[in-house]
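The values are calculated or read from the model by the stated rules, or taken from the named source; none is laboratory data. Predicted, not measured: the structure shown is a model, and the values here were computed from it. Here the Cβ positions follow ideal geometry from the backbone for every residue, glycine too, while neighbour counts run over all protein chains shown. Surface areas here come from the heavy atoms of the whole protein model, side chains and all, with no ligands, DNA or RNA. Shrake-Rupley method; radii C 1.70, N 1.55, O 1.52, S 1.80 Å.
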Amino acid sequence: MHFVIELWLNVLMNRLLCHHEYGTPENVVKLSEGEFPTMGHDEILIKTTMAPINPADLNIIEGRYGDQPPLPVTLGNEGVGIIEKIGADVTELSIGDQVITPTLRGTWSEYRSCKAEEAVRVPHDIPPEVACMLTVNPLTAILMLESFHELKPEEYVLQNAANSGVGRAVIDIAKRMGIKTINIVRTHEQVEEVEKIGGSIQLTFDDLKAKRYPSNLRKLSIPLALNAVGGESARLITRLLSHGGTMVTYGAMSKEPVILDNGPLIYKNISIKGFWRSEWVRRVDFELVKSMMERLILLAEHGAFVVPIEKIYPFSDAAEALKHAKRSGRAGKILLSPRS
């Protein structure tokens, strides 16, 4: 029986989504058949269950990412799968385990192999729709909350794009840390959405611009601001930072440069910093990455990081999925799965 399984795996072709040129995602990404992954004695074979389409994926396809992999490239920055085969020297993982690979790309493939030490087990009580999105947004959120300021319960974290994947994770983690959040979104519907998941103070961008916020807001202790938008939004949130506060930029949704007033820089001595999760996971030892992921997995087991899903597409409908992922005003995330 074992020989039959080995033979069956060896004749399979691997379905994957890749691109050979930069351009409009739905035009250049193609469903291809590649060779089935080979395995070493210390490796595992993973069958992909689900993977999200993230802004970074779109940027890579368009040639606008900070770390462009050489072409052609199999896409996908994160995802989850089930172990179908283990090498002879693998002892800590088993066939049937659900796993994520927080430092590896190429999750938009039906099968992939990697060293067992590069995978992190995720309990099966965490559904794949949640597990497939643990390694980018929640990790970004917890690292920004813990790396730039030692937050105290009476302090607030201010963020724009608060209904985004990172924004929702910030609210989830901060709430469990006993930290309050001030959340900037685009619409009043999003105000209600963010309030439901535990945000402390919610404002629209128009409210912020017109200074329609509680009169005591400027008296609050706000040592940390998280900027995913840039442009005018960045300028307005720096105005609310407390003396000595820090604004951390981790995204540029508006595609506009960060705008700053001189006043907060001079009179409040604020700091402007950047953060990139991909650079962090490359720089640190994998054991630290794994320990952070285990913390996030524990939070997910207690109900954190549930993100609305708008639609799940099979690989065969990748062009439509990529067009859908680019739409503004979506109510949830777009996911990919190898099969229907």
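Scanning region 246-263 turns up one or more residues that are of a type in the set (S, T, N, Q), modelled with pLDDT under 95 and open to solvent by less than 70 Å² (accessible area, probe 1.4 Å).
Table: residues versus (1) modelled with pLDDT under 90; (2) within 21 Å of the chain's Cα centre (by Cα); (3) under 30 Å from residue 229 (Cβ atoms).
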residue: 5; (1), (2), (3): yes, no, no
residue: 9; (1), (2), (3): yes, no, no
residue: 22; (1), (2), (3): no, no, yes
residue: 41; (1), (2), (3): no, no, no
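Within region 197-222, the set of residues being in contact with a strand residue (DSSP E or B) (Cβ under 9 Å, 6 or more places away or on another chain) and aliphatic (A, V, I, L, M) comprises 201, 203, 208, 217, 220, 222. With respect to the stated conditions, residue 174 is closer than 17 Å to residue 199 by Cβ, touching a residue at least 12 places away in the same chain (Cβ under 8 Å) and either within 18 Å of the chain's Cα centre (by Cα) or open to solvent by less than 50 Å² (accessible area, probe 1.4 Å) (or both). Within region 63-81, can you find the residues that are in a strand (DSSP E or B) and either of a type outside the set (Val, Ile, Thr) or open to solvent by 50 Å² or more (accessible area, probe 1.4 Å) (or both)? Result: 81, single match.
Looking only at residues that are part of a helix (DSSP H, G or I) and open to solvent by 10 Å² or more (accessible area, probe 1.4 Å) in region 109-133, which one is farthest from residue 244 (Cα to Cα)? Only one residue tops the list, namely 116.
State yes or no: is residue 215 farther than 30 Å from residue 134 by Cβ, at pLDDT 95 or above, not in a helix (DSSP H, G or I) and not aromatic (Phe, Trp, Tyr)? No.
Name the residue that is nearest to the chain's Cα centre (by Cα), counting only residues in region 290-305 that are surrounded by 15 or more Cβ atoms within 10 Å (Cβ to Cβ) and not charged (D, E, K, R). Here the answer is 305. Residues considered: 86, 53, 44, 60. Of these, the only one that is in contact with a strand residue (DSSP E or B) (Cβ under 8 Å, 6 or more places away or on another chain) and either surrounded by fewer than 22 Cβ atoms within 10 Å (Cβ to Cβ) or small (Gly, Ala, Ser) (or both) is 86. The residues listed here are 167, 199; of these, the one that is buried (at least 22 other Cβ atoms within 10 Å of the Cβ), out of contact with any helix residue (DSSP H, G or I) (no Cβ under 7 Å at 6 or more places or on another chain) and farther than 22 Å from residue 45 by Cα is 167. The helices (runs of 4 or more DSSP H) located wholly in region 223-340 that include 2 or more residues which are touching a strand residue (DSSP E or B) at 6+ places or on another chain (Cβ under 8 Å) and either more than 28 Å from residue 198 (Cα to Cα) or among the small types (Gly, Ala, Ser) (or both) occupy 231-240, 318-325.
Within region 134-146, one or more residues are open to solvent by less than 10 Å² (accessible area, probe 1.4 Å), part of a loop (DSSP other than H, G, I, E, B) and at pLDDT 95 or above.
What pairs come up if the first residue lies in region 303-318 and is within 23 Å of residue 110 (Cβ to Cβ) and touching a residue at least 40 places away in the same chain (Cβ under 8 Å), the second is polar (S, T, N, Q) and assigned to a strand (DSSP E or B), and their beta carbons are under 8 Å apart, counting only those six or more places apart or on different chains? Pairs found: 312/337; 315/337.
Quick one: is residue 90 part of a loop (DSSP other than H, G, I, E, B) and more than 28 Å from residue 274 (Cβ to Cβ)? Answer is yes for this residue. The residues on offer are 91, 140, 107, and the sole one that is within 19 Å of residue 199 (Cα to Cα) and not aromatic (Phe, Trp, Tyr) is 140.
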